[in-house]
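The values are calculated or read from the model by the stated rules, or taken from the named source; none is laboratory data. Since the model is a prediction, treat every value here as computed from it, not as a measurement. Glycine gets a Cβ as well: all are built from the backbone with ideal geometry, and neighbour counts include every protein chain shown. Accessible surface is based on the protein model in full, side chains and every heavy atom, while ligands, DNA and RNA are left aside. Shrake-Rupley method; radii C 1.70, N 1.55, O 1.52, S 1.80 Å.
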Amino acid sequence: MNLKKRLEIFDRLAVAIPEPTTELHFTSHFELLIAVVLSAQATDKGVNKATAKLFPVANTPGDILALGETGLKEYIKTIGLFNSKATHIITLCQQLLDKHAGQVPATREELEALAGVGRKTANVILNTAFGQHTIAVDTHIFRVANRTGIAPGKNVREVERKLDKWVPKQHKKDAHHLLILHGRYTCIARKPRCQSCVIEDLCEFQEKSA
């Protein structure tokens with residue numbers, strides 16, 4: 001796929017998705033961080049349901065530490081892997097207080113040093129909270145990048161490197177959410193909705209659905 005076609009793809013996605021942003025609900029960088037940690041192997045809808053009850057009670061590192069691990073689990077027990085996530089979040093909150101005055105850091109190195117935060121989570125925070133041009137390759141982005149031919153790769157790091165290299169500069173900031181939302185609602189896993197896809201004629205997927 002050439003750069004001209006990639007530009008047209010992102011131009012069209014930007015028109016079709018005029019407000020590309022996360023579907024996680026949050027009102028602060030800390031709330032976003034907790035929501036993203038909870039979202040691993042879970043749906044945004046499920047996370048939002050849990051945080052709608054959690055955040056009014058505890059939405060700072062100190063508040064969550066006051067709940068304790070057992071108290072936190074009561075709020076997030078409907079989310080997959082809630083036991084390990086509760087352990088990570090308690091440690092993460094203590095780290096934020098001890099090393100960052102309770103604030104979410106804005107560098108990859110500091111974010112990835114936090115409990116429960118890997119490269120993908122760090123990329124989401126850097127992009128959504130701090131406006132950096134990072135792309136967190138989740139299952140949706142991995143699928144769309146490979147299926148369309150925008151940035152084919154055998155693993156998430158390869159796809160991330162190619163997207164970072166090939167996404168047109170003017171779309172770098174929003175590319176993350178454009179691709180996620182396109183994958184979540186149009187280029188879905190089992191049977192992509194090719195007939196209603198705004199980039200159907202540009203997509204290089206060989207088995208387009210009727």
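In the chain, the longest principal axis of the Cα atoms and the axis of helix 61-76 are about 70 degrees apart. Hey, what angle do you get for helix 156-166 against the long axis of the chain, alpha-carbon based, 0 to 90 degrees rounded to 10? Value to nearest ten degrees: 60.
Counting only heavy atoms of the protein chains, get the accessible area per residue of the chain (1.4 Å probe) and round it to a whole Å² value. Mind dumping the intermediate values first?
On the way: 10710 Å² over 210 residues.
About 51 Å² of surface per residue is accessible.
When a 1.4 Å probe is rolled over the protein heavy atoms, the share of accessible surface on the chain that falls to carbon and sulfur comes to 52 percent. Relative to the longest principal axis of the Cα atoms of the chain, the long axis of helix 29-38 makes an angle of roughly 80 degrees.
Restricting the trypsin sites (Lys or Arg not before Pro) of the range 109-210 to loop positions (DSSP other than H, G, I, E, B) with no more than 11 neighbouring Cβ atoms within 10 Å leaves Lys154, Arg190. Loop-located trypsin sites (Lys or Arg not before Pro) across the range 8-77 with a Cβ neighbour count of 11 or fewer within 10 Å are Lys77, with loop assigned by DSSP. Here the contact order of the chain, divided by its residue count and restricted to Cα pairs under 8 Å and six or more residues apart, works out to 21 percent.
Please tell me which of these pairs span more than 29 angstrom C-alpha to C-alpha: Lys4/Lys154; Lys5/Lys173; Lys53/Lys172; Lys49/Lys208? Write down the numbers at each step before the final one.
Numbers: Lys4/Lys154 24 Å; Lys5/Lys173 19 Å; Lys53/Lys172 34 Å; Lys49/Lys208 35 Å.
Going by Cα-Cα distance, Lys53/Lys172; Lys49/Lys208 fall outside the 29 Å limit.
Take the Cα of Lys5, go 7 Å toward its beta carbon, and the backbone nitrogen atoms of the range 190-210 under 20 Å from that spot belong to 192-210.
Given axes a ≥ b ≥ c from the Cα gyration tensor, I'd like to know whether the range 20-148 is rounded (a/c under 1.5), prolate (a/b larger than b/c) or oblate. Verdict is oblate for the range 20-148. Just checking the listed ones, Leu163, Leu114, Leu97: in the Gaussian network model of the chain with Cα springs under 10 Å, the one fluctuating most is Leu97.
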